[in-house]
Structure formats: C-alpha cells, structure tokens
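Here's the structure, in structure tokens; my notes come after.
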Amino acid sequence: MTPLLLTDIERAVRSSWGADTCTPEFRAHWTPGNPARDQCGTTALVVNDLLGGELLRGEVLVDGRRTDYHWWNRLGMGVEVDLTREQFGRTRSSPRAWSSPGRRRSRGCARSTSCCATGLPGTSRARGERTTR
C-alpha cells in the first residue's frame, strides 16, 4: 500500500469542499470564493481518521466575543495541521487554541468504508457522519 502524503490528503479534501460538506447551519453563508469556510470540523475529522493525532478546538473571536469554534489537528511530535485556516481572511479573527480532552485518537477509522467526499479509505465521517469510540 502506498503511504498517504499530507499533500495528497489536502488536495483530495480541498477538491471535495462545497456547501454540502460545510457546517449545516452555515450552508447559506458558504461561497466558492471562500471554499474553506465552515469546512474545519469535517476536514479535521478526515485528517484525524487518516493520520491519527489529536483534534484541537479553538474559539473564534470577533471584537473579543466568541462567534464560533474552529477545529484543526495536532499530529505526532506536536505538528499542527490546519487545512482550513484561510477561511478567516480579514473578517474573522484566528482562533486561540485549546485541546479538546478525550479526542485523542489512534490512526485509522473504526469503519473500513470509503468517504464519498474524498474517496480516501478510512474516512467514513468526512461528510459529518458521527461514530462513537
């Protein structure tokens, strides 16, 4: 089996982004001009399913007030990966991080299905499908 490279995962995930893969309550705000908008939860879960590590959640602050949460990944040796950071642009501030306790997961998904969003193996939750571990 050929190892997955982060660049390959990123390319596949980015090509799958659309209004149908963003946070449901924000679908009306999604545009092709900012394709990363509200894709962070889904994207972080896909990366976590494929590469393991930790899911990180931070508060998104606008004028000092929390308006949302942002999700990204911490891989082995503390390397943080955030494939959706550009969604914040100039209108939203970058999140301040805190780790989500109990969300550390081992490599691989509990299911052996392929994701319809990316076509990568082991990403059954890429479209927001939830599983319990």
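The values are calculated or read from the model by the stated rules, or taken from the named source; none is laboratory data. Note that this is a predicted model, so its numbers are computed, not measured. Don't worry about glycine lacking a Cβ; one is built from the backbone with ideal geometry, like all the others, and counts go over all protein chains shown.
Conditions tested, residue by residue: (1) outside any helix (DSSP H, G or I); (2) surrounded by fewer than 15 Cβ atoms within 10 Å (Cβ to Cβ); (3) at pLDDT below 90.
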position: P3; (1), (2), (3): yes, yes, yes
position: N34; (1), (2), (3): yes, no, no
position: T43; (1), (2), (3): no, no, no
position: V47; (1), (2), (3): no, no, no
position: T67; (1), (2), (3): yes, yes, yes
position: H70; (1), (2), (3): yes, no, no
position: L83; (1), (2), (3): yes, no, no
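Show the residue pairs meeting these rules: Cβ distance below 7 Å; 6+ apart or different chains; first residue within region 1-21 and within 20 Å of G52 (Cβ to Cβ); second residue part of a loop (DSSP other than H, G, I, E, B) and at pLDDT 95 or above.
Matching pairs, first to second residue: E10/L83; V13/L83.
Looking at region 35-63, I want the residues that are at positive phi and have a partner that is of a type in the set (S, T, Y) with Cβ atoms under 7 Å, at least 6 apart or on another chain. Which pairs are those?
D38/T23; G52/S106
Could you list, in sequence order, the residues of region 8-32 that are among the aromatic types (F, W, Y) and buried (at least 21 other Cβ atoms within 10 Å of the Cβ)? Full working, then the answer.
Our first condition is that a residue be among the aromatic types (F, W, Y); within region 8-32, this holds for 17, 26, 30.
Of everything in region 8-32, those that are among the aromatic types (F, W, Y) and buried (at least 21 other Cβ atoms within 10 Å of the Cβ) turn out to be W17, W30.
I need the full set of residues from region 95-111 which are surrounded by 12 or more Cβ atoms within 10 Å (Cβ to Cβ), modelled with pLDDT under 50 and in contact with a Leu (Cβ under 9 Å, 6 or more places away or on another chain), in order please. Walk me through it before giving the result.
In the first step, residues of region 95-111 are kept if they are surrounded by 12 or more Cβ atoms within 10 Å (Cβ to Cβ); the result is 95, 97, 99-100, 103-105, 107-111.
Now narrow it down to the ones that are modelled with pLDDT under 50: 97, 99-100, 103-105, 107-111.
Of everything in region 95-111, those that are surrounded by 12 or more Cβ atoms within 10 Å (Cβ to Cβ), modelled with pLDDT under 50 and in contact with a Leu (Cβ under 9 Å, 6 or more places away or on another chain) turn out to be A97, S99, S100, R103, R104, R105, R107, G108, C109.
Here is a list of conditions, (1) over 24 Å from L5 (Cα atoms); (2) acidic (D, E); (3) not in a helix (DSSP H, G or I), and E25 meets all of them except one; can you say which number that is?
(3)
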